[in-house]
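Scroll down for the structure; my scribbles are underneath it.
Taken together, the values in this text are just the output of simple stated rules run on the coordinates, not laboratory data. Just so we're clear, the structure is a prediction, and the values are computed from it rather than from any experiment. No Cβ is skipped: glycine too gets one built from the backbone with ideal geometry, and neighbour counts run over all protein chains shown.
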């Protein structure tokens, strides 16, 4: 998401739940990396001033999602695509009445089923162009030749948490590399749903003209 936002001229504030991620996220093009704590709203306001974020992506839920809403500007939109905290979201009336916050959910399978074919094709064309131009990259953790792929394959069981959710394991087939995102396999129940699909749908389904995008990072 950081790389796509950068291509669209958007700055990102990336909210994480542990230390040690700032360097890697800034290397991708992230503008700011903040720890999700009680001071999050003040830190966002110190960065943005009066031009607060208008779009937020939420994969955590619970209190983290509420802090994110508080950091949004008026008439901002929060898109929820996960609930890693396993806590329900109870929204204070003030965010809806006085700030006009809009809440949306995103499940990539539904978007792919409902979006016009031309829209999906346009998104994939743009993503492919960025990949070819080297503007959109996915780090690869390990390359395995076909004869070793079965030995190293792994599919998490339901209820199990995949710790390496930001990494890809790849099979090397000649000059072609085929990636498998295990966490996405686990979360969606289908290896055919790629993380980049989610990013494309989020950008397409929620449009904003504001300069800032507040991103809640889903990795533990």
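Look at (1) more than 18 Å from the chain's Cα centre (by Cα); (2) crowded, with 17+ Cβ neighbours inside 10 Å and you find that residue 111 fails only one, number (1).
Put simply, of 137, 118, 133 the only residue that is exposed (fewer than 12 other Cβ atoms within 10 Å of the Cβ) and touching a helix residue (DSSP H, G or I) at 6+ places or on another chain (Cβ under 8 Å) is 137.
Would you mind listing the strands (runs of 3 or more DSSP E) fully within region 48-140 where at least 2 residues are free of Cβ contacts under 8 Å to residues at least 24 places away in the same chain and closer than 19 Å to residue 15 by Cα? Explain how you work it out, then say what you get.
Details: elements: 55-58, 77-80, 102-105.
So the answer is none; nothing clears 2.
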